[in-house]
Amino acid sequence: MTSAGFVLAAYGVILGGMGLYAALLARRLRIARDTVRRNNVDLPE
Amino acid sequence: MTLARPVLPPLPPRGRRWGLLIGVAIVVAVIAYLAFSSVGNALVYYLTPTELLARGPAEVGKTERLGGLVKVGTISGEAPELTFVLTDGTTEISVHAATAPTRSFREGIGAVVEGELGADGVFEASQVIVKHDENYVAPSQGGLPTRAFDPGS
Amino acid sequence: MKTRILGFVALAAVIGAAVNGLFVVPADLNQGDAQRIMYVHVASAWIAYASFGVTALAGLGYLIRRDLRLDALALAGAEVGVMFTAFAIWGGMMWGRPVWGVYWQWEDPRLTTTALLLALYIGYLLLRRLTDDPARRAARAAVVGLIAAVDIPIVHFSVLWWRGLHQGPTIGDPSKILNPSAPLQFVLALLAMLAAFTLVWAYLLIRRYQLARLEWQLEEDARRGLVQTARLALPGAAAAEEPAR
């Protein structure tokens with residue numbers, strides 16, 4: 001592999017990894033918010 | 001409207017707990033291994049030429065790591081027949097390297113070689129690791145291209 | 001909403017810093033293009049230190065104030081920190097192969113202590129799953145987080161304390177902060193990357209904190225037996241799927 005290949009692998013995994021983690025967090029947040037809302041429907045208070 | 005409320009809180013299944021315990025045990029084992037074996041050895045990651053020769057003839061034929069600076073003007077030949085001298089400032093050892101180092105290998109740079117000291121006093125290296133330092137140099141004005149990616153690299 | 005704006009700013013900053021590091025700044029004369037990895041590698045490592053620092057301080061805060069919000073912050077720091085530690089190791093491997101000639105050397109103190117750091121905080125995250133009593137979990141995690149933080153300075157100073165393959169600090173040494181051994185444009189490119197990563201870090205920490213609070217709300221709901229009962233218990237409750245609350 002050339003230097004450029006290693007550079008690409010490093011930047012790709014690190015920047016891509018941050019994006020993937022952010023997307024996963026957004027998804028988990030959305031699901032959790034929906035579930036909390038559903039669980040608390042019709043509470044007396 | 002009130003909701004049906006089961007009294008018992010749900011507990012995680014037993015199997016999952018055991019899995020987690022095993023996971024924790026593995027992590028603890030890895031930590032213990034790293035702490036007691038590798039870091040201890042890392043204190044002598046490589047020997048300097050002075051230290052290697054001070055160990056005397058018993059070292060001949062034993063696999064060791066030798067580290068030092070590549071003495072200016074001593075690099076000759078290409079990979080299977082590459083030779084150079086490693087120095088720590090007081091002692092020098094000639095090195096014969098069978099495999100090529102990376103392109104950052106040059107005179108005056110730090111290098112760590114893995115291999116064994118021969119009876120003739122030449123260190124037979126199976127691997128040359130280039131120990132680049134913490135100093136960075138930008139290409140000088142003019143002369144070298146400042147293109148981002150050098151196609152030749 | 002503000003967090004969303006932070007996310008977009010962070011994204012723009014990372015793209016800008018990456019373009020700068022990849023295409024604008026010249027490569028190091030000796031190492032060639034592989035040196036460009038330094039920007040993401042070093043920034044990842046520093047952000048990882050900061051994450052575990054947050055975990056340790058928030059854990060200490062929890063032990064003093066007994067406020068579970070601090071435990072949520074500690075959890076966020078540990079999870080984000082594990083990710084950035086993995087990034088630092090990955091970037092280091094991609095840098096080491098073309099420049100040193102090897103991806104990894106177990107005997108190098110910096111590499112070994114960093115692997116230890118990763119293992120410690122993966123252990124921290126696993127330990128948190130062993131109990132679902134919020135107070136006990138938070139207290140145990142706080143103690144482990146404080147003990148594990150001892151490795152942070154060991155990782156940082158390992159290159160000065162022990163003989164190894166990894167080079168010494170270029171600007172991270174207290175004596176070099178004002179006098180780095182790199183040209184100004186390299187230092188500025190690194191600081192730009194660090195600033196961009198810090199924005200991403202802040203965004204991810206906030207999101208992970210919010211998620212932790214929601215997950216604990218769900219745990220609490222489960223403990224009170226509310227899970228799914230809204231739909232199961234009431235024949236007409238499906239109509240209340242989208243509440244106006």
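The values are calculated or read from the model by the stated rules, or taken from the named source; none is laboratory data. A quick note: this is a predicted structure, and the numbers were derived from the prediction, not measured. Note that we place each Cβ from the backbone using ideal geometry, even for glycine, and neighbour counts take in every protein chain shown. These accessible areas exclude ligands, DNA and RNA; they are computed on the full protein's heavy atoms, side chains included. Shrake-Rupley method; radii C 1.70, N 1.55, O 1.52, S 1.80 Å.
Per-residue mean of foreign Cβ neighbours for A:19-30 is 4 (Cβ atoms of other chains, 10 Å radius). For B:Ile109, the amide hydrogen comes within under 5 Å of the amide hydrogens of B:Val70, counting only partners 5 or more places away or on other chains and with H modelled in the peptide plane.
If packing is taken as the mean number of other Cβ atoms within 10 Å per residue, what is the order of C:78-88, C:56-66, highest first?
Top to bottom by mean Cβ count within 10 Å: C:78-88, C:56-66.
Compute the long axis of helix C:151-161 from its Cα atoms, compare it with the longest principal axis of the Cα atoms of chain C, and write down the angle in degrees, 0 to 90, nearest 10. For C:151-161 against chain C, the angle is about 10 degrees.
Packing around the peptides C:215-224, C:194-203, taken as the average count of other Cβ atoms within 10 Å per residue, puts them in this order, highest first: C:194-203, C:215-224. Average accessible surface for chain C: 42 Å² per residue, computed with a 1.4 Å probe over protein heavy atoms with every protein chain in place. Counting Cβ atoms of other protein chains within 10 Å of each residue's Cβ and taking the mean over peptide C:17-30 gives 5.
Helix C:2-19 and the longest principal axis of the C-alpha atoms of chain C enclose an angle of approximately 20°. Computed from Cα positions, the angle between helix A:3-39 and the longest principal axis of chain A comes to roughly 0 degrees. Pairwise Cα distances in the stretch C:35-121 exceed 19 Å in 44 percent of cases. The mean sequence distance of close C-alpha pairs (under 8 Å, at least 6 residues apart), as a share of the length of the stretch B:49-131, puts its relative contact order at 32 percent.
I want to verify the translational diffusion coefficient of the stretch C:165-211 in µm²/s; compute it with Stokes-Einstein, Rh as the Kirkwood radius over Cα pairs, at 37 °C and 0.692 mPa s.
Details: Rh = 12.6 Å.
Rounded to a whole number, D works out at 261 µm²/s.
When the helix-only estimate is applied to chain C (DSSP H runs of n ≥ 4, each -39,500 (n - 2.57), divided by the residue count), what is the mean residue ellipticity at 222 nm, nearest 500 deg cm²/dmol? That calculation yields -24000 deg cm²/dmol at 222 nm. The convex hull defined by the C-alpha atoms of the stretch C:57-173 has an orientation-averaged projected area of 7.9 nm². Over all Cα atoms in chain A, the spread is summed up by Rg and Dmax: 19.5, 65 Å.
Going from the isolated chain to the complete set of protein chains, the stretch B:63-104 loses at least 30 Å² of heavy-atom accessible area (1.4 Å probe) at B:Arg65, B:Thr102, B:Arg103, B:Ser104. Using every pair of distinct Cα positions in chain C, the Kirkwood expression returns a hydrodynamic radius of 20.2 angstrom. Each residue of the stretch B:102-110 was assigned a 3J(HN,Hα) from its phi angle through the Karplus curve 6.51 cos²θ - 1.76 cosθ + 1.60 (θ = phi - 60°); the sequence is 6, 6, 7, 5, 7, 4, x, 8, x Hz, with glycine and proline shown as x.
Need one number: buried accessible surface between chains C and B, 1.4 Å probe, both sides summed, DNA, RNA and ligands left out, in Å² to 100.
Details: alone 14230 and 11460 Å², together 20750 Å².
Accessible area lost upon association: around 4900 Å².
Buried on complex formation within the stretch C:33-76 (loss of at least 30 square angstrom of accessible surface versus the isolated chain, 1.4 Å probe, ligands and nucleic acids ignored): C:Asp33, C:Arg36, C:Ile37, C:Val40.
Under 5 Å between amide hydrogens, built in the peptide plane, is the criterion, and for B:Leu82 it picks out B:Ala97 among residues at least 5 positions away or on other chains. Think of a 1.4 Å ball rolled over the protein heavy atoms: the stretch B:53-106 then has 54 Å² of accessible area per residue.
Expressed as a fraction of 2.2 N^0.38 Å, the value expected for a compact globular protein of N residues, the C-alpha radius of gyration of the stretch B:49-131 is 0.97. Averaged over the residues of B:48-57, the number of partner chain Cβ atoms lying within 10 Å of the residue Cβ comes to 0. Across the accessible surface of chain C, with the other protein chains kept in place and a 1.4 Å probe, carbon and sulfur atoms take up 67 percent.
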